[in-house]
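Novice: After the structure tokens below, expect a handful of questions from me.
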Amino acid sequence: MSKPLRKKHLTPLCTRIDDIASQEVTTRMDLGRIMDMLADQGDRLSRIREELQAKRTLAVDLERVETLLNGVKTALERMGGNVMPSLIVAARAGATVGELSDVFRVVFGEFREPDPW
């Protein structure tokens, strides 16, 4: 059987609860400022993404990338051929992971989990 709690045992606990309650009030006050900061960072991130996309569009020869993506597709359709060299060349020319993934989806399709029922 456990010993009954005495006042000397409860005092630190009450003090701790008061500390937590005061931290919670401070946290609520800071939450508005944190949300504002996150919104500002989201806006900055959007601008940076737009700038990077604009730079990429200017720096990449889109016709060459399209030709290299067709080369990747041809390598994939050969079944058994090594596609890594054509993937590397296309990526270095500026093909994105999404564009390369789309080529794989066109050739192999997209996996759908079978319905268990």
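The values are calculated or read from the model by the stated rules, or taken from the named source; none is laboratory data. Not measured: the values here are computed from a predicted model. No Cβ is skipped: glycine too gets one built from the backbone with ideal geometry, and neighbour counts run over all protein chains shown.
Novice: Report, by residue number, each residue of region 45-100 that is of a type in the set (S, T, N, Q) and surrounded by 11 or more Cβ atoms within 10 Å (Cβ to Cβ). First the steps, then the outcome.
Specialist: So in region 45-100, the residues of a type in the set (S, T, N, Q) come out as 46, 53, 57, 67, 70, 74, 82, 86, 96.
If the condition is that a residue be of a type in the set (S, T, N, Q) and surrounded by 11 or more Cβ atoms within 10 Å (Cβ to Cβ), then T67, N70, T74, S86, T96 are the ones that fit.
Novice: Then there's this: Against the definition (at pLDDT 85 or above and either touching a strand residue (DSSP E or B) at 6+ places or on another chain (Cβ under 7 Å) or among the aliphatic types (A, V, I, L, M) (or both)), how does A59 come out, yes or no?
Specialist: Values: at pLDDT 85 or above: no; either touching a strand residue (DSSP E or B) at 6+ places or on another chain (Cβ under 7 Å) or among the aliphatic types (A, V, I, L, M) (or both): yes.
Answer is no for this residue.
Novice: Could I ask something else about it? List every residue pair whose Cβ atoms lie under 6 Å apart, where the two residues are 6 or more positions apart in sequence or sit on different chains, the first residue falls within region 78-96 and is without any contact (Cβ under 8 Å) to a residue 60 or more places away in the chain and not assigned by TED's automatic domain parsing to the domain that holds L52, and the second residue, located anywhere, is assigned to a loop (DSSP other than H, G, I, E, B) and of a type in the set (A, V, I, L, M).
Specialist: That search, which allows pairs on different chains as well, returns G94/V60.
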